[in-house]
Amino acid sequence: MAQRYDLASLAWMSFLAMVACTICWMVVIPQLMVSRAESSELGEARDDADAIIQRFGNPEVDSAVDSSSGTTVRTLTYRDHHVRVAFVRRTSRRAPPTWKLSGFLDLERDAVVEGAEALKRLNSTWR
């Protein structure tokens, strides 16, 4: 009878160990991986304005203005493509300030342009 209780206790402890490992695998390890990814991103924060310039070349006009809400807005104007690309300044204590894409504007209508249309315009000459 004593052996039966020992086997039941071992089985129960094994089950609890498996549950603990599963919880660790599902909760703790993903959090560790996210924190590592964040720490690697902090050193090399992505700047959307630089990415646009590298991909589509230097714009005809590159300007930054402080808005009434206190946010700095940067615009890149590509007159040949009839597109203005807008960015907002993103700041963090852990990373250098970067420009984050805010949207695209049509130069003629001063209206918002969808991303697909803006990409189409930037990749080709405007007709």
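Overview of values
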quantity	calculated
Test result for residue 45, part of a loop (DSSP other than H, G, I, E, B), of a type in the set (A, V, I, L, M, F, W, C) and at pLDDT below 85	yes
Condition check for residue 110: charged (D, E, K, R) and without any contact (Cβ under 8 Å) to a residue 12 or more places away in the chain	yes
Some residue of segment 86-105 being of a type in the set (A, V, I, L, M) and at pLDDT below 90	yes
Scope segment 104-123; condition within 15 Å of residue 53 (Cα to Cα) and touching a helix residue (DSSP H, G or I) at 6+ places or on another chain (Cβ under 9 Å); matching residues	104, 118, 121, 122, 123
Complete set of residues in segment 75-99 that are among the charged types (D, E, K, R) and in contact with a helix residue (DSSP H, G or I) (Cβ under 6 Å, 6 or more places away or on another chain)	94
Condition check for residue 68: assigned to a strand (DSSP E or B) and loosely packed, with under 12 Cβ neighbours inside 10 Å	no
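The values are calculated or read from the model by the stated rules, or taken from the named source; none is laboratory data. Not measured: the values here are computed from a predicted model. With ideal geometry, Cβ positions are generated from the backbone for all residues, glycine too; neighbour counts draw on all protein chains shown.
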